[in-house]
Amino acid sequence: MRVLAWNLEFVAPSGRKGTAASRAIDSFRPDVMCLTEARVASLPATEQAVWADADYGYPAPPDRRKVGLWSRWGWHDVDTLGSAAMPQGRFVAGTTPSPEGPVRVIGICIPWRMAHVATGSRDRAVWQDHLTYLAGLAEVVHAAGDGPLIVTGDFNQRFHGRMAPGGVHDALRSALEGLSVPTAVRVEGLRRPLIDHIAHSPRLETQGPPIGIDRRQHGIDVSDHDGVVVDLAPARPQAT
(Lines give C-alpha, C1' and ligand atoms only; values in the text may rest on other atoms or scores of the structure.)
Protein backbone atom coordinates (compact mmCIF):
# COMPACT_ATOMS: atom_id res chain seq x y z
CA MET A 1 0.00 0.00 0.00
CA ARG A 2 1.46 3.33 -1.06
CA VAL A 3 0.37 6.25 1.16
CA LEU A 4 0.81 9.91 0.24
CA ALA A 5 0.38 12.97 2.48
CA TRP A 6 0.65 16.60 1.36
CA ASN A 7 -0.65 20.01 2.41
CA LEU A 8 -1.62 21.86 -0.78
CA GLU A 9 -2.14 25.33 0.73
CA PHE A 10 -5.61 25.52 -0.88
CA VAL A 11 -4.09 25.72 -4.37
CA ALA A 12 -6.69 25.93 -7.16
CA PRO A 13 -6.73 22.51 -8.88
CA SER A 14 -7.13 23.95 -12.38
CA GLY A 15 -4.40 26.58 -12.07
CA ARG A 16 -0.72 26.31 -12.88
CA LYS A 17 0.22 25.31 -9.34
CA GLY A 18 -2.65 22.86 -9.01
CA THR A 19 -1.78 21.19 -12.30
CA ALA A 20 1.84 20.80 -11.21
CA ALA A 21 0.73 19.35 -7.86
CA SER A 22 -1.62 16.89 -9.57
CA ARG A 23 1.12 15.70 -11.91
CA ALA A 24 3.45 15.16 -8.99
CA ILE A 25 0.80 13.20 -7.07
CA ASP A 26 -0.14 11.09 -10.09
CA SER A 27 3.51 10.20 -10.72
CA PHE A 28 3.63 8.31 -7.41
CA ARG A 29 0.48 6.26 -8.12
CA PRO A 30 -0.69 6.28 -4.47
CA ASP A 31 -3.21 3.79 -3.12
CA VAL A 32 -4.24 6.08 -0.25
CA MET A 33 -3.91 9.87 -0.08
CA CYS A 34 -4.35 12.43 2.65
CA LEU A 35 -4.54 15.98 1.34
CA THR A 36 -4.70 18.85 3.80
CA GLU A 37 -5.67 22.47 3.12
CA ALA A 38 -7.10 21.28 -0.17
CA ARG A 39 -10.04 22.08 -2.44
CA VAL A 40 -12.74 19.48 -2.93
CA ALA A 41 -11.88 19.24 -6.64
CA SER A 42 -8.33 18.21 -5.68
CA LEU A 43 -9.62 14.66 -5.08
CA PRO A 44 -11.88 12.72 -7.45
CA ALA A 45 -15.53 13.45 -6.62
CA THR A 46 -16.46 9.80 -6.10
CA GLU A 47 -17.04 7.35 -3.28
CA GLN A 48 -13.25 7.03 -3.16
CA ALA A 49 -12.94 10.44 -1.43
CA VAL A 50 -14.13 11.56 2.01
CA TRP A 51 -13.70 14.99 3.58
CA ALA A 52 -13.69 16.65 6.96
CA ASP A 53 -16.56 19.01 7.75
CA ALA A 54 -16.40 22.30 5.86
CA ASP A 55 -16.56 24.51 8.97
CA TYR A 56 -13.12 24.72 10.57
CA GLY A 57 -13.68 27.93 12.48
CA TYR A 58 -12.51 30.48 9.90
CA PRO A 59 -14.55 32.16 7.12
CA ALA A 60 -13.74 30.27 3.93
CA PRO A 61 -15.30 29.20 0.61
CA PRO A 62 -17.23 25.91 0.99
CA ASP A 63 -14.91 24.01 -1.36
CA ARG A 64 -11.94 24.48 0.99
CA ARG A 65 -11.37 21.68 3.49
CA LYS A 66 -8.69 21.18 6.08
CA VAL A 67 -8.35 17.46 5.38
CA GLY A 68 -9.54 14.84 2.91
CA LEU A 69 -8.83 11.15 2.31
CA TRP A 70 -8.84 9.18 -0.92
CA SER A 71 -8.43 5.42 -1.42
CA ARG A 72 -8.56 3.43 -4.62
CA TRP A 73 -10.64 0.87 -2.68
CA GLY A 74 -13.19 3.33 -1.25
CA TRP A 75 -14.33 3.77 2.37
CA HIS A 76 -16.77 2.60 5.00
CA ASP A 77 -17.33 3.52 8.66
CA VAL A 78 -16.50 7.17 7.93
CA ASP A 79 -16.14 9.52 10.93
CA THR A 80 -15.79 13.32 10.72
CA LEU A 81 -15.95 14.00 14.46
CA GLY A 82 -13.14 12.04 16.09
CA SER A 83 -13.54 13.39 19.59
CA ALA A 84 -16.06 16.05 20.57
CA ALA A 85 -13.23 17.88 22.34
CA MET A 86 -11.21 18.34 19.13
CA PRO A 87 -11.33 21.63 17.19
CA GLN A 88 -13.86 21.15 14.39
CA GLY A 89 -13.34 20.52 10.70
CA ARG A 90 -9.85 19.04 10.98
CA PHE A 91 -10.52 15.30 11.17
CA VAL A 92 -11.80 12.56 8.90
CA ALA A 93 -11.37 8.81 9.30
CA GLY A 94 -12.52 5.76 7.43
CA THR A 95 -11.78 2.09 6.87
CA THR A 96 -10.52 1.11 3.44
CA PRO A 97 -10.88 -2.52 2.27
CA SER A 98 -7.39 -3.06 0.91
CA PRO A 99 -6.52 -6.38 -0.79
CA GLU A 100 -4.57 -7.35 2.36
CA GLY A 101 -7.57 -6.64 4.59
CA PRO A 102 -9.30 -3.61 6.12
CA VAL A 103 -7.11 -0.70 7.24
CA ARG A 104 -8.33 2.17 9.41
CA VAL A 105 -7.01 5.52 8.20
CA ILE A 106 -7.20 8.74 10.23
CA GLY A 107 -6.63 12.00 8.34
CA ILE A 108 -5.69 14.99 10.47
CA CYS A 109 -4.80 18.65 10.23
CA ILE A 110 -3.53 19.66 13.67
CA PRO A 111 -3.98 23.41 14.28
CA TRP A 112 -0.79 25.43 14.03
CA ARG A 113 0.52 27.16 17.12
CA MET A 114 -1.17 30.51 16.36
CA ALA A 115 -4.65 29.15 15.54
CA HIS A 116 -7.27 31.66 16.73
CA VAL A 117 -4.61 33.72 18.52
CA ALA A 118 -4.20 36.82 16.31
CA THR A 119 -6.79 35.82 13.67
CA GLY A 120 -10.11 33.97 13.70
CA SER A 121 -11.86 34.16 17.06
CA ARG A 122 -8.74 35.63 18.76
CA ASP A 123 -9.56 33.96 22.05
CA ARG A 124 -6.81 31.33 22.30
CA ALA A 125 -3.30 31.21 23.69
CA VAL A 126 -0.32 30.11 21.60
CA TRP A 127 -0.39 26.29 21.08
CA GLN A 128 -3.80 26.02 22.84
CA ASP A 129 -5.82 24.58 19.94
CA HIS A 130 -2.87 22.40 18.97
CA LEU A 131 -2.74 20.81 22.43
CA THR A 132 -6.52 20.46 22.64
CA TYR A 133 -6.49 18.62 19.33
CA LEU A 134 -3.71 16.29 20.45
CA ALA A 135 -5.62 15.37 23.60
CA GLY A 136 -8.61 14.37 21.48
CA LEU A 137 -6.43 12.55 18.97
CA ALA A 138 -4.92 10.47 21.77
CA GLU A 139 -8.45 9.29 22.67
CA VAL A 140 -9.21 8.38 19.06
CA VAL A 141 -5.97 6.47 18.52
CA HIS A 142 -6.43 4.58 21.78
CA ALA A 143 -10.00 3.64 20.82
CA ALA A 144 -8.93 2.36 17.38
CA GLY A 145 -7.88 -1.00 18.80
CA ASP A 146 -5.01 -3.19 17.63
CA GLY A 147 -5.89 -3.54 13.95
CA PRO A 148 -3.95 -2.00 11.05
CA LEU A 149 -4.05 1.78 11.53
CA ILE A 150 -2.59 4.76 9.68
CA VAL A 151 -2.58 8.31 11.05
CA THR A 152 -1.56 10.86 8.44
CA GLY A 153 -1.79 14.50 7.47
CA ASP A 154 -0.46 17.86 8.61
CA PHE A 155 0.99 17.45 12.11
CA ASN A 156 2.28 21.04 12.27
CA GLN A 157 5.31 19.73 14.14
CA ARG A 158 8.71 18.49 13.15
CA PHE A 159 10.31 15.39 14.58
CA HIS A 160 13.73 16.05 13.06
CA GLY A 161 15.10 19.41 14.19
CA ARG A 162 11.89 20.07 16.10
CA MET A 163 10.94 23.62 17.05
CA ALA A 164 7.90 23.06 19.30
CA PRO A 165 8.33 23.45 23.08
CA GLY A 166 9.21 20.23 24.87
CA GLY A 167 5.79 19.80 26.44
CA VAL A 168 4.03 20.29 23.10
CA HIS A 169 6.24 17.74 21.39
CA ASP A 170 5.69 15.32 24.27
CA ALA A 171 1.93 15.70 23.74
CA LEU A 172 2.34 14.72 20.08
CA ARG A 173 4.35 11.64 20.98
CA SER A 174 1.79 10.73 23.63
CA ALA A 175 -1.06 11.01 21.11
CA LEU A 176 0.83 8.63 18.80
CA GLU A 177 1.83 6.19 21.52
CA GLY A 178 2.32 2.71 20.10
CA LEU A 179 2.66 3.97 16.51
CA SER A 180 5.75 4.19 14.33
CA VAL A 181 6.47 7.42 12.43
CA PRO A 182 8.73 6.58 9.47
CA THR A 183 8.59 10.21 8.31
CA ALA A 184 10.23 11.45 11.54
CA VAL A 185 13.63 11.27 9.83
CA ARG A 186 15.25 13.85 7.59
CA VAL A 187 14.01 12.78 4.15
CA GLU A 188 16.55 12.60 1.35
CA GLY A 189 16.07 15.23 -1.33
CA LEU A 190 14.07 17.67 0.81
CA ARG A 191 15.58 20.91 2.03
CA ARG A 192 13.48 21.11 5.19
CA PRO A 193 12.26 18.70 7.87
CA LEU A 194 8.71 17.48 7.28
CA ILE A 195 5.63 18.60 9.18
CA ASP A 196 3.35 16.40 7.03
CA HIS A 197 3.67 12.85 8.35
CA ILE A 198 2.53 9.25 8.09
CA ALA A 199 2.34 7.09 11.23
CA HIS A 200 1.23 3.47 11.50
CA SER A 201 0.44 0.74 14.00
CA PRO A 202 2.53 -2.42 14.59
CA ARG A 203 0.21 -4.40 12.29
CA LEU A 204 1.89 -2.58 9.39
CA GLU A 205 5.53 -2.15 8.47
CA THR A 206 7.42 0.28 6.26
CA GLN A 207 8.89 -0.90 2.99
CA GLY A 208 11.97 1.22 2.30
CA PRO A 209 12.66 4.84 3.25
CA PRO A 210 10.07 7.61 2.89
CA ILE A 211 10.02 9.45 -0.44
CA GLY A 212 9.89 13.24 -0.38
CA ILE A 213 7.70 15.42 -2.60
CA ASP A 214 9.42 18.76 -3.00
CA ARG A 215 7.11 21.74 -2.72
CA ARG A 216 8.85 23.12 -5.80
CA GLN A 217 7.57 21.43 -8.94
CA HIS A 218 8.48 22.38 -12.51
CA GLY A 219 10.15 25.56 -11.31
CA ILE A 220 7.28 26.87 -9.14
CA ASP A 221 6.40 26.56 -5.47
CA VAL A 222 3.04 24.78 -5.52
CA SER A 223 2.70 24.78 -1.71
CA ASP A 224 4.40 25.98 1.46
CA HIS A 225 4.78 22.33 2.55
CA ASP A 226 6.75 19.39 1.23
CA GLY A 227 4.83 16.15 0.86
CA VAL A 228 5.80 12.56 1.53
CA VAL A 229 5.12 9.03 0.33
CA VAL A 230 5.52 5.83 2.36
CA ASP A 231 5.10 2.23 1.23
CA LEU A 232 3.43 -0.02 3.84
CA ALA A 233 2.71 -3.73 4.01
CA PRO A 234 1.18 -6.09 6.57
CA ALA A 235 3.72 -6.80 9.29
CA ARG A 236 5.41 -10.19 9.06
CA PRO A 237 4.83 -12.57 11.96
CA GLN A 238 7.61 -12.46 14.53
CA ALA A 239 9.82 -15.54 14.65
CA THR A 240 9.51 -17.61 17.82
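A few notes on this one:
- Extended-chain gain in nm, criterion 0.36 nm per residue less alpha-carbon gap, R192 and A125: 21.4 nm
- Applied to the stretch 11-21, the Karplus parametrisation 6.51 cos²θ - 1.76 cosθ + 1.60 on θ = phi - 60° returns per-residue 3J(HN,Hα) values of 4, 5, x, 8, x, 4, 5, x, 5, 5, 5 Hz, with x for Gly and Pro.
- With Cα atoms as the point set, the stretch 18-79 shows a radius of gyration and Dmax of 12.0, 34 Å.
- Taking trypsin sites (Lys or Arg not before Pro) across the stretch 146-240, the ones in a DSSP loop with at most 12 further Cβ atoms lying within 10 angstrom of their Cβ are R191.
- Heavy-atom accessible area with a 1.4 Å probe sorts E9, E205, largest first, into E9, E205.
- Accessible area expressed per residue, the chain, with surrounding protein chains retained (probe 1.4 Å, Å²): 46
- Calculated from backbone phi, Karplus (6.51, -1.76, 1.60) coupling profile of the stretch 51-60 in Hz, x at Gly/Pro: 10, 5, 4, 5, 7, 10, x, 10, x, 7
- Each helix, a run of at least 4 DSSP H residues, gives -39500 (n - 2.57); summed and divided by the residues of the chain, these come to -5000 deg cm²/dmol at 222 nm.
- Separation between Cα centres of the stretch 1-21 and the stretch 193-240, rounded to whole Å: 16
- Among V140, V40, V230, residue whose mean-square fluctuation peaks in a GNM of the chain (springs only between Cα atoms under 10 Å): V140
- With every protein chain in place, the stretch 5-77: carbon and sulfur % of accessible area (1.4 Å): 49
- If the Kirkwood radius is taken over C-alpha pairs of the stretch 116-240, then at 20 °C and 1.002 mPa s the Stokes-Einstein diffusion coefficient equals 133 µm²/s.
- Measure of compaction for the stretch 1-142 (Cα Rg per 2.2 N^0.38 Å): 1.06
- What the pair-distance distribution of the stretch 98-147 shows, using all Cα-Cα distances binned every 5 Å from zero, is 5, 19, 20, 16, 13, 11, 8, 5, 4, 1 percent.
- The fraction of accessible area contributed by carbon and sulfur in the stretch 201-240 is 51 percent, rounded to a whole number (1.4 Å probe; ligands and nucleic acids excluded).
- Per residue, the convex hull spanned by the Cα atoms of the chain measures out at 128 cubic angstrom.
The values are calculated or read from the model by the stated rules, or taken from the named source; none is laboratory data. From a predicted model like this one, the values you see are computed outputs, not experimental measurements. Virtual Cβ from ideal backbone geometry, glycine too; neighbours counted across all protein chains shown. These accessible areas exclude ligands, DNA and RNA; they are computed on the full protein's heavy atoms, side chains included. Shrake-Rupley method; radii C 1.70, N 1.55, O 1.52, S 1.80 Å.
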